[in-house]
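The values are calculated or read from the model by the stated rules, or taken from the named source; none is laboratory data. Predicted model only: the values in this text are computed from it and were never measured. Note that we place each Cβ from the backbone using ideal geometry, even for glycine, and neighbour counts take in every protein chain shown. SASA here: full protein model, heavy atoms, side chains in, ligands and nucleic acids out. Shrake-Rupley method; radii C 1.70, N 1.55, O 1.52, S 1.80 Å.
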Protein chains: 2
Amino acid sequence: MNLNLEDIARLAGVSRSTVSRVINHHPNVSPATREKVWQVIQEQKFHPNQIARMLATQRTQILGIVVSQTAAVFFDDPSAYFPTLIQGIAEVANQQNYSTLLWLGGSGEGENHESFHRQISHNHLADGLVLLSASASHPLIARLVDTPALFVTIERPRHFAERVSYVTIDNVQAARTAVEHLIQLGRRKIAIITGPLLNTDSHDRVIGYQQAMEAAGLAVDPRWIVYGEFNTDTGQRAMKSLLPLGLDAVFAASDQIALGVLQTLREAGVCVPQDMAVVGFDDLPAATATTPQLTTIHHPIREKGAYATRLLLGLIEGSVPEPQQVLLPTHLVIRQSCGALNAQDMANLHG
Amino acid sequence: MNLNLEDIARLAGVSRSTVSRVINHHPNVSPATREKVWQVIQEQKFHPNQIARMLATQRTQILGIVVSQTAAVFFDDPSAYFPTLIQGIAEVANQQNYSTLLWLGGSGEGENHESFHRQISHNHLADGLVLLSASASHPLIARLVDTPALFVTIERPRHFAERVSYVTIDNVQAARTAVEHLIQLGRRKIAIITGPLLNTDSHDRVIGYQQAMEAAGLAVDPRWIVYGEFNTDTGQRAMKSLLPLGLDAVFAASDQIALGVLQTLREAGVCVPQDMAVVGFDDLPAATATTPQLTTIHHPIREKGAYATRLLLGLIEGSVPEPQQVLLPTHLVIRQSCGALNAQDMANLHG
DNA sequence: ATAAATGTTGGGAGCGCTCCCAAGCCCTGC
DNA sequence: GCAGGGCTTGGGAGCGCTCCCAACATTTAT
């Protein structure tokens, strides 16, 4: 049904090879021939078969995006963290003429997870892989790290961190900045509510918290450090458990958590920021919709995806050596929930 | 570097064809040979080259997911509408041994849009396509409809509706149900705030609204019908403009819109549902987080994606004829914002 | 003018698989 | 005992492209 190179060649009165050269913009084709061939190609609306090209070149121009996680964690999440990441990836990929293969799965259970990862690593469709969650993709990383497969993870992996390429933010520094800000404002009894223990983002934010506290000579009650999930529910639950401890500030390691914290504090009649300062992490759109608006750490989610993709492309082209590890900058966005803006500032804001 | 069929054949002392037969579970291989070949395959961790297989079979086992829309509309949207759809698609696809190619793009501008769609329709990588937004994909539909390419859209397309396969919900009926519910509760002056005029979902919900009003013998002031976007901002803006009209109910054609409506009403000191009943559409998780909780139309977003994929697979296998058009069921979820639950019910809820 | 360098073109081989056909095998039935 | 049928097996011919090499044409340098 479809035409092939040979057909075009016949119609243009040249050889298959010449048509191939024209299509691939090889230099050594005379202008006249080039012109003639292009004309036939246009006329026939010819498009070379990608698959055949892949087979011949051993390159697919496809990037795999791996979201190995329970569906709920990713998509019912209003933060749109993963979708935003994917957007950053797809943008760069499409722009560089790569297609993106989306792998969603690994819904928890061991066997499923296993076969999901096997499917990805054996189906050699992609020239490279972006793993959106290093911690959840651990088994995949373990099986890829000793193969020639090219991949980069978002988030620093727990294992093989020295051998794999990743893009992340300096979570330690970012968390430290957030907590130092609270300390500067006179807060002393500061708790942290964070995500899963095994998640390196989660883990590093605790380190940053501890460093800030220690540097300020503030003792940390172990009960002040609460691990959970990066969601609203954890925020509510954790805050309820923290309520009796007489704190004056909470650092929520995600805005989702902060949302839950704020809600619980409101229900408990605790005034934010007067009685309790709150700082979040992520700078989601939702952070400006709360009352009071959330002070939070901004980090470039979409850019993480984009950067990881550029990096991966570099690895594929061979223009950069493995492994590459990059930390993207973050900054503190001061709004109302930390109490840094005094009454007058707030009046100005609303004026 | 990698082994191929021939290598395995040599190691197993058989021919390429026999190995191929074993891998593809063809019946006519003697048990002994089959066993021997499997053993070599396991030993060598052999995995057949997908690309070569694609070239030979002219089938890719890949489904394309097309999200032709501005990024912001899709991912900054807390409703996770598109991610949820994608999840439904990927689930079915992976389960049937299909991979999914994700096409995100068409960021508004004509030229971009054009080249985005060209890229999709010429790159014959997918056995079939799922178009996530019929209205936004119009140019793509127009170019695909006269080709042998297989595709199904979510949402009924504005043009070629009789010729394309799609999966959607009965928006007319759903909207009608919502509005009839308000009428039953004694509301008379009911407005509708909906999405883009060119979106068929949007359009049909208005039809449903009009049918319900007409059936009840209620005249509709043209100012009561407001078109906008499916977002919070539209809800706020539209509600502000509706405030002076002395309404007693608003049907928001998406929960996002309803969120904006609720916010504006709160700021204006209008009590919901006493002074103004509000019904939404979508049944997002956020609908239960509002005060009062939102009465809304539930529709199966994820199932839409899953159904569309099963349908597409059917078209690919040739087991169903084109075109197929299906309407999935919806239902009204009664919560507090419509005023159907009286004080006692509410007490029970909180007890 | 002529050898050498350069530019242009065509064809063969190969990427790794599937599918078809023919050949060889064994078994059954007359 | 031998023809005819069904299993099992191997090899050839693609799928449509790229890439290399050799052949030929055209310049350029001497």
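By the rule of a C-alpha distance below 19 Å, with chain neighbours fewer than 8 residues away ignored, the aspartates and glutamates paired with B:Lys240 are B:Asp221, B:Glu229, B:Asp248, B:Asp255, B:Glu267, B:Asp275. Within the shell of other residues whose beta carbon sits under 14 angstrom from the beta carbon of A:Gln173, the net charge comes to -1, with Lys and Arg scored +1 and Asp and Glu -1. With every protein chain in place and a 1.4 angstrom probe, the accessible-area ranking of A:Arg163, B:Arg335, largest first, reads A:Arg163, B:Arg335. Calculated accessible area for chain A comes out at 44 Å² per residue, all protein chains present (probe 1.4 Å; ligands, DNA, RNA ignored).
Near the amide H of A:Ile225, within less than 5 Å, lie the amide hydrogens of A:Ile192, all on another chain or at least 5 residues away, with H placed in the peptide plane. Short-range pairs are left out: with C-alpha atoms under 8 Å and at least six residues apart, the relative contact order of chain B is 16 percent.
For B:Ala277, the residues 5 or more places off, or on other chains, whose built amide H falls under 5 Å of its own are B:Ala249, B:Val250. The C-alpha atoms of chain B define a longest principal axis, and helix B:171-184 lies at about 30 degrees to it.
Rounded to the nearest 20 Debye, what is the dipole magnitude of the protein assembly as shown about its Cα centre when Lys and Arg each give +1 and Asp and Glu each give -1 at the C-beta? List each step's numbers first, then the result.
Working: 52 positive and 64 negative charges, 245 e Å.
Taking the Cα centre of the protein assembly as shown as origin, the dipole is about 1180 debye.
Solvent-accessible area of the protein assembly as shown (1.4 angstrom probe, protein heavy atoms only): carbon and sulfur portion equals 51 percent. Need one word for the range B:5-48: rounded, prolate or oblate. Basis is the Cα gyration tensor (sqrt eigenvalues a ≥ b ≥ c); a/c below 1.5 gives rounded, then a/b vs b/c decides. Note, shape of the range B:5-48 comes out rounded.
Accessible surface of B:Thr296, taken over heavy atoms with a 1.4 Å probe and every protein chain present, rounds to 0 Å². Summing Cβ point charges (Lys, Arg +1; Asp, Glu -1) relative to the Cα centre of chain B gives a dipole of roughly 700 debye.
Would you mind classifying the protein assembly as shown by shape? Square roots of the alpha carbon gyration tensor eigenvalues, ordered a ≥ b ≥ c; an a/c under 1.5 is rounded, otherwise it is prolate if a/b is larger than b/c and oblate if not. Kindly include the intermediate steps, with their values, before the conclusion.
On the way: a/c = 2.03, a/b = 1.33, b/c = 1.53.
Judged from the Cα gyration tensor, the protein assembly as shown comes out oblate (a/c at least 1.5, b/c at or above a/b).
Can you tell me the 0 to 90 degree angle between the C-alpha axis of helix A:200-215 and the longest principal axis of chain A, rounded to 10? Between the helix axis and the principal axis of chain A, the angle is about 40 degrees.
Modelled this way, with points 7 Å down the Cα-to-C-beta line, the labels at B:Val220 and B:Arg143 are 3.6 nm from one another. Taking GluC sites (Glu not before Pro) in DSSP loop conformation with at most 15 other Cβ atoms inside 10 Å as exposed sites, chain B has its longest uninterrupted site-free stretch at B:163-351.
Burial annotation for the range A:39-58: residues with an accessible-area loss of at least 50 Å² between the isolated chain and the complete set of protein chains, computed on heavy atoms with a 1.4 Å probe, are A:His47, A:Ile51, A:Leu55. Going by accessible surface with a 1.4 Å probe and the largest first, B:Lys45, B:Lys189 read B:Lys45, B:Lys189. When chains B and A come together, the accessible area they lose, probed at 1.4 Å and totalled over both chains, is close to 3100 Å².
Considering only B:Phe160, B:Phe281, B:Phe230, the Gaussian network model of chain B with Cα springs below 10 Å gives its largest mean-square fluctuation to B:Phe160. Between B:Leu63, B:Leu312, B:Leu243, where does the largest GNM mean-square fluctuation fall for chain B, given springs only between Cα atoms within less than 10 Å? Of B:Leu63, B:Leu312, B:Leu243, the most mobile in the Gaussian network model is B:Leu243.
Which of the three applies to the range A:220-351, rounded, prolate or oblate, going by the alpha-carbon gyration tensor with a ≥ b ≥ c and a/c under 1.5 meaning rounded? Intermediate results must be reported in sequence, preceding the final value.
Working: a/c = 2.93, a/b = 1.80, b/c = 1.63.
Cα axes put the range A:220-351 in the prolate bin.
Residues considered: B:Asp127, B:Asp255, B:Asp221. Largest GNM mean-square fluctuation over chain B, using C-alpha springs under 10 Å, is found at B:Asp221.
With both bridge residues required to lie in chain A, what share of the DSSP beta bridges run antiparallel, to the nearest 5%? Once the DSSP bridges in chain A are tallied, antiparallel ones form about 10 percent.
The helix-only estimate of mean residue ellipticity at 222 nm for the protein assembly as shown, built from DSSP H runs of length n ≥ 4 each weighted as -39500 (n - 2.57), is -13500 deg cm²/dmol after division by the residue total.
Couplings 3J(HN,Hα) for the range A:31-36, derived from phi with the Karplus relation 6.51 cos²θ - 1.76 cosθ + 1.60 (θ = phi - 60°), are x, 4, 4, 3, 4, 4 Hz, where x marks Gly and Pro. Working from label points 7 Å from Cα in the Cα-to-Cβ sense, the B:Leu327 to A:Thr291 distance is 4.2 nm.
Return one number: the angle in degrees, 0 to 90 and rounded to the nearest 10, between the long axis of the Cα atoms of helix B:301-317 and the longest principal axis of the Cα atoms of chain B. So the helix axis and the longest Cα principal axis differ by about 40 degrees.
Excluding same-chain neighbours fewer than eight residues apart, the lysines reachable from A:Lys36 by a Cα-Cα span under 22 Å are A:Lys45.
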